[in-house]
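Notes follow once the structure below has been shown.
The values are calculated or read from the model by the stated rules, or taken from the named source; none is laboratory data. Quick caveat, the model's predicted, so the values are computed rather than measured. No Cβ is skipped: glycine too gets one built from the backbone with ideal geometry, and neighbour counts run over all protein chains shown. Heads up: the accessible areas ignore ligands, DNA and RNA and are worked out on the full protein's heavy atoms, side chains in. Shrake-Rupley method; radii C 1.70, N 1.55, O 1.52, S 1.80 Å.
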Amino acid sequence: MALFSKLLQKIRGGSTSAGDWQEFEEALIASDLGAKSAAEIIELAKRSKSDEIDTAITNALSAWLSNANRELPFNSDRPTTVLIVGVNGTGKTTSTAKLISFLKQNKHSVLVAAADTFRAAAVEQLATWGSRLEVDVVTGPANGDPASVAFEAATKAKAANIDYLIIDTAGRLHTKSGLMDELGKIRRVIEKVLPVDEVLLVVDATTGQNGIVQAKIFMESVAVTGLILTKMDGSAKGGIALAIERECGIPIKFIGTGESAADLEAFDPERYLNGLFS
Amino acid sequence: MFESLSAKFQGAFASLRSKGRLKPADIDEIASEIRSALLDSDVALSVVDFFIEQLKSRTDEVLTDLNKSTNPANAIFEIVNSLLIEILGGSARRIRLAKKPPTVILLTGLQGAGKTSLAGKLANYLKAQGNTPLLVASDLQRPNAVTQLQVVGESIRVPVFAPEPGNGVGDPVKVAKAGVKFAEDKLHNIVIVDTAGRLGVDAQLMEQAKQIRDAVSPDEVLYVVDAMVGQDAVRTAQAFFEGVGFDAIVLTKLDGDARGGAALSITQVTGKPIMFAATGENVTDFDLFHPDRMASRILGLGDIQTLAEQAKGAFDSDTASKLETKFVSGEDFTLDDFLAQLEAMKKMGSMTKLLGMIPGANSGAMKKQLEQFDEGELVKTQSIVQSMTPLERNDPKVLNGSRRMRIANGSGRQVSDVNSLVDRFTQAQKVMKQMRSGKGAMPPGMQIPPGMQMPQGMPQQGAAKVVNKKKSRSGNPAKRALEG
């Protein structure tokens with residue numbers, strides 16, 4: 001791995017100084033992997049033989065990734081439902097738009113539910129995307145019941161036998177138990193019509209260690225099945241996603257890399273790990 | 001995990017306290033605990049190391065004195081606390097108003113930091129202080145950011161200058177400039193310019209932000225940052241600082257459980273203070289940032305000052321003085337008064353949030369209780385009282401079986417709920433009588449619903465007393481009175 005080459009050269013040359021290890025720790029910490037994981041990697045590096053360090057670290061990092069399937073499920077006999085959740089400002093609505101574009105490119109029919117009835121103009125934001133991407137958006141009144149919007153959309157998707165139903169929800173801090181309950185309700189209401197196949201938690205690459213608590217609590221209330229890691233086009237490394245995978249076993253499924261609808265990529269483990277410490 | 005900073009601090013200090021005499025090795029140990037606690041709270045490594053260096057040199061200086069003092073652990077705690085406050089920017093700072101209005105405030109930050117929501121909160125805050133703010137919609141990038149600002153503006157009755165529809169249409173620099181001109185013409189004394197979120201690495205958008213800045217020459221440029229941000233906080237803040245420059249920081253989403261380690265990093269690295277903090281979804285969930293309170297929060301000392309201020313704000317002076325007169329004149333505390341208190345409590349926001357500000361609230365058992373606290377309890381209690389006639393509210397003694405049945409039906413509760421409310425109320429009434437007559441028993445801790453005792457103390461006695469009440473553990477009323 002590129003990151004370690006400098007350190008490795010020095011180790012092989014037998015000249016690692018305290019300063020080099022400091023630099024190494026800085027790179028690990030700066031990735032948002034967490035202090036504990038960073039310390040483990042340093043331990044591992046110090047313990048390994050100089051010509052095995054690289055492999056040892058790569059193996060350790062890869063082992064933290066989950067073995068789960070990273071592809072979106074697809075049902076041929078009924079609509080596949082995807083619920084988008086996350087804290088405020090991580091890019092749920094933008095990710096929803098990207099997902100629509102991704103699915104449409106793969107020739108799927110898509111219906112969208114704008115179940116963020118709370119944030120001012122969130123429905124309009126999604127409706128704008130809907131008309132740009134030429135998909136129908138099911139909306140409800142501002143401050144209305146998001147579950148009823150989701151229910152209506154699920155009913156519609158089922159009747160028209162649409163391939164994918166994507167439900168965008170309002171951002172909510174995981175500490176607000178009332179709002180987390182509301183999310184559980186949205187899920188239960190959808191399930192009256194259609195099973196929920198995928199729950200994607202949108203996590204912002206700039207998120208710090210708080211991301212783990214977020215993931216745990218969202219898992220409890222809606223059984224998250226995958227992550228979308230957004231804003232990977234900035235300077236943040238997004239190591240928190242690996243920390244979440246390691247801690248909670250939720251696989252990263254997509255990476256968001258920009259503001260346009262095409263800026264969504266399927267998760268590539270190797271590329272991600274290489275970028276972590278660059 | 002996130003209460004961890006305060007939990008770890010508390011753990012580290014507890015073990016320190018048990019030691020008595022301190023050796024340099026003990027200091028090293030606690031320094032290393034603090035180091036990992038700070039890293040887990042997303043404080044940047046360079047800032048953590050600076051912090052630890054400072055801590056060590058300050059404790060070394062006073063180590064001999066420390067060991068003479070009766071409680072060296074507390075003395076070190078004080079050093080940590082004052083270091084945190086120093087880094088967080090000393091005392092709170094306010095918006096500088098321009099000598100010649102309008103005062104122009106420019107908001108910048110990453111996407112999703114919460115600029116548009118914050119624009120509304122800031123406008124609402126400034127309006128409440130008698131200003132006439134104007135919001136300018138210069139975020140023409142994100143779909144419907146303009147609409148969002150318009151909706152927010154309408155809800156707080158602050159005009160929004162939005163000549164362009166946004167969604168990629170229009171020139172944000174022109175809009176910002178025209179907005180300031182508009183404010184001058186219409187005599188708005190403050191202009192808040194909302195701009196598009198941008199990444200620190202996006203040179204083109206950074207240039208645009210600079211152009212907006214140069215076009216409106218703002219009196220305050222505020223950098224808006226999410227409290228949950230991780231290690232990238234420093235890099236991005238530096239990029240904005242060098243690219244656009246800013247005068248102060250606004251911390252958003254502080255109502256989560258992130259400890260705001262980024263706040264520490266950004267202030268330390270840029271030398272700029274945090275001016276405001278946003279703490280919830282409503283426009284009123286916004287206040288000046290207080291470094292000392294934030295330090296207390298990080299250290300798990302609770303946030304009593306904020307609690308007291310919110311209490312003062314929620315109880316209008318009429319209600320408070322009416323209650324006080326009643327108390328002094330020896331009149332009975334009625335269910336109507338109780339209802340007024342419940343209303344005031346609801347105005348103060350969620351109970352969980354309020355109770356979370358109490359010292360120790362984030363540790364172990366208390367935290368668990370907090371998590372289980374049923375916000376609906378207040379509403380239930382309220383509905384029972386509202387189902388009573390004025391006579392019943394004034395004199396609960398008349399509540400016989402059939403009246404209780406009617407109240408239960410009217411409020412959709414069980415008769416047992418009504419019974420328990422009346423019991424608890426009668427008990428509280430008795431306690432108040434005792435207090436008045438100087439027999440001095442404090443209301444017994446948890447038997448009374450929070451609705452009954454907390455507000456009582458607040459307007460009249462100040463919040464600090466309330467805490468003492470909470471802490472009181474003694475079963476002996478006389479002892480409790482002494483503690484109080």
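Looking only at segment B:247-276, which residues are open to solvent by less than 10 Å² (accessible area, probe 1.4 Å) and more than 11 Å from chain A (Cβ to nearest Cβ)? Those that are open to solvent by less than 10 Å² (accessible area, probe 1.4 Å) and more than 11 Å from chain A (Cβ to nearest Cβ): B:A248, B:I249, B:V250, B:L251, B:A263, B:L264, B:I266, B:T267, B:I274, B:M275, B:F276. When B:S217, B:S265 are checked against the criterion of being at positive phi and either out of contact with any strand residue (DSSP E or B) (no Cβ under 6 Å at 6 or more places or on another chain) or in the same structural domain as B:A37 (by TED's automatic domain parsing) (or both), a single residue qualifies: B:S217. Screening the candidates A:L273, A:L229, A:L242 for the property of being open to solvent by less than 40 Å² (accessible area, probe 1.4 Å) and in a strand (DSSP E or B) yields one hit, A:L229. Restricted to segment A:12-51, and to residues there that are within 13 Å of chain B (Cβ to nearest Cβ) and polar (S, T, N, Q), the residue that is surrounded by the fewest Cβ atoms within 10 Å (Cβ to Cβ) is A:Q22. Return the pair list, or none, for Cβ contacts closer than 6 Å from residues in segment A:151-170 that are of a type in the set (A, V, I, L, M) to residues that are open to solvent by 80 Å² or more (accessible area, probe 1.4 Å), at least 6 apart or on different chains. Filtered contacts from segment A:151-170: A:A170/A:F118. Being surrounded by 21 or more Cβ atoms within 10 Å (Cβ to Cβ) and within 14 Å of chain B (Cβ to nearest Cβ) is a description that does not apply to A:T81.
In the condition set (1) within 14 Å of chain A (Cβ to nearest Cβ); (2) within 24 Å of A:S95 (Cα to Cα); (3) open to solvent by less than 20 Å² (accessible area, probe 1.4 Å); (4) among the β-branched types (V, I, T), B:T195 is compliant with all but (1).
Based on this model, can you work out whether B:A215 counts as over 27 Å from B:S265 (Cα atoms) and away from every other protein chain (no Cβ under 14 Å)? So B:A215 passes the test. Look at segment A:83-95: where a residue is more than 14 Å from A:K231 (Cα to Cα) and a partner is of a type in the set (S, T, N, Q), sitting 6+ places away or on another chain with Cβ atoms under 6 Å, you get A:I84/A:T96; A:V85/A:T169; A:V87/A:Q214.
Checking each residue in segment A:162-178 for being open to solvent by less than 10 Å² (accessible area, probe 1.4 Å), within 13 Å of chain B (Cβ to nearest Cβ) and outside any loop (DSSP other than H, G, I, E, B) picks out only A:D168. With respect to being of a type in the set (V, I, T), surrounded by 19 or more Cβ atoms within 10 Å (Cβ to Cβ) and in contact with an Asp or Glu (Cβ under 8 Å, 6 or more places away or on another chain), A:V149 falls outside the description. A:E124 meets the conditions (1) open to solvent by less than 30 Å² (accessible area, probe 1.4 Å); (2) within 14 Å of chain B (Cβ to nearest Cβ) in every case but one. The failed one is (1). With A:V112, A:V135 as the choices, which residue is away from chain B (no Cβ under 14 Å), in contact (Cβ under 8 Å) with a residue 12 or more places away in the chain, over 24 Å from A:I217 (Cα atoms) and open to solvent by less than 60 Å² (accessible area, probe 1.4 Å)? None of the others qualify; the one that does is A:V135. Listed conditions (1) closer than 12 Å to B:L140 by Cα; (2) at pLDDT 90 or above are all met by B:V169, apart from (2). Residues being surrounded by fewer than 24 Cβ atoms within 10 Å (Cβ to Cβ) and not in a helix (DSSP H, G or I) are entirely absent from segment A:200-221.
A residue that is outside any helix (DSSP H, G or I), in contact (Cβ under 8 Å) with a residue 40 or more places away in the chain and open to solvent by less than 30 Å² (accessible area, probe 1.4 Å) can be found somewhere in segment A:52-70. Exactly one residue out of B:V62, B:V146, B:V43 is aliphatic (A, V, I, L, M) and modelled with pLDDT of 90 or more, and it is B:V146.
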